[in-house]
Amino acid sequence: MLRRIDAVVPAHDEEELIGACLDALLVARAAVLRRRPELQVGIVVVLDDCRDDTARIVRERLARFDPGEMVTVVIDERSVGAGRRAGVAATVGSGAAGSGAADVSERWIANTDADSRVPEDWFSVHADAFDDGVDVLLGTVRPDFTDFSEDDVERWSLTHPPGHLPGNVHGANLGVRADRLDELGGFRELPEHEDVELVERARAAGLRVVPTLDAPVDTSGRRRGRTPGGYAAFLAETYPRS
């Protein structure tokens, strides 16, 4: 039985977008607790070498949570893989939620990014995946169309028709059973593509890796991101600005 789900959010200099990210997570958290009031739901924000106003914005949101339900971790790595690993360790490794902490086999790690906004049913979809026996859930993402031209939006719609399930790996919408993540050795401390590398190991280990179109995450449509080869680089190559 699922007893706890934690969202892990690595952030490096995201003052423009982290507020909207956390506000969306707050809405999704409230929604899943209406469905499952017995569930423990936490959020871990990993502040990775942040030199802008990201930390202050995160501290403001802390006041909306009970102690132990939202925590921050500070690292100095500039590595999204190190950020995800530190975030998982902060909740699973520390036994978050005190004496009532769930066993690792009753926990789920839902990953997203600081430049992304999850939908209201996001935690619910990840919780349901645990109930359905999924080991790794591959969620979809879609760019914020306010960063796109009309032509770009049309191209996106043509290449992403309704019902099309590509099965791509996105760290902004990636769920893993906590015990399976532990068995795999966790996220590697890579500067990028730590999500793809984890899923490759999961498939090689014979775990149940399932893609879904439910609860797609909106992510920034920027063309210059925090890693050289991440989603922003894909958008820059596929939808170049003139």
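Before moving on, here are some points about what is shown:
- For the range 50-71, a residue qualifies if it is surrounded by 14 or more Cβ atoms within 10 Å (Cβ to Cβ) and within 19 Å of residue 86 (Cα to Cα), and the qualifying residues are 50, 54, 55, 58, 62, 68, 69, 70, 71.
- Checking 72, 54 one by one, the residue that is without any contact (Cβ under 8 Å) to a residue 60 or more places away in the chain and of a type in the set (Ser, Thr, Tyr) is 72 and no other.
- If you check 200, 150, 189 for being open to solvent by 80 Å² or more (accessible area, probe 1.4 Å) and modelled with pLDDT under 95, only one passes: 150.
- Check on residue 77, open to solvent by 30 Å² or more (accessible area, probe 1.4 Å), under 26 Å from residue 199 (Cβ atoms) and either modelled with pLDDT under 95 or not in a helix (DSSP H, G or I) (or both): yes
- Neighbours by Cβ (under 7 Å, 6+ apart or cross-chain): first from the range 187-206, at positive phi; second in a loop (DSSP other than H, G, I, E, B) and surrounded by fewer than 15 Cβ atoms within 10 Å (Cβ to Cβ): 193/229
- Scanning the range 9-21 for residues that are surrounded by fewer than 24 Cβ atoms within 10 Å (Cβ to Cβ) and part of a helix (DSSP H, G or I) gives 19, 20.
- Residue list for the range 46-64, filter: part of a loop (DSSP other than H, G, I, E, B) and touching a Lys or Arg at 6+ places or on another chain (Cβ under 9 Å): 49
- Which listed residue is within 28 Å of residue 193 (Cα to Cα) and of a type outside the set (Val, Ile, Thr), from 106, 60, 38: 106
- Taken over the range 91-127, the residue count meeting the criterion of being part of a helix (DSSP H, G or I), open to solvent by 40 Å² or more (accessible area, probe 1.4 Å) and at pLDDT below 75 is 3.
- Residue 144 vs. criteria open to solvent by less than 60 Å² (accessible area, probe 1.4 Å) and not hydrophobic (A, V, I, L, M, F, W, C): yes
The values are calculated or read from the model by the stated rules, or taken from the named source; none is laboratory data. Note that the structure is predicted; figures quoted are calculated from it, not measured. We place every Cβ from the backbone using ideal geometry, glycine too, and count neighbours over all the protein chains shown. Accessible surface is based on the protein model in full, side chains and every heavy atom, while ligands, DNA and RNA are left aside. Shrake-Rupley method; radii C 1.70, N 1.55, O 1.52, S 1.80 Å.
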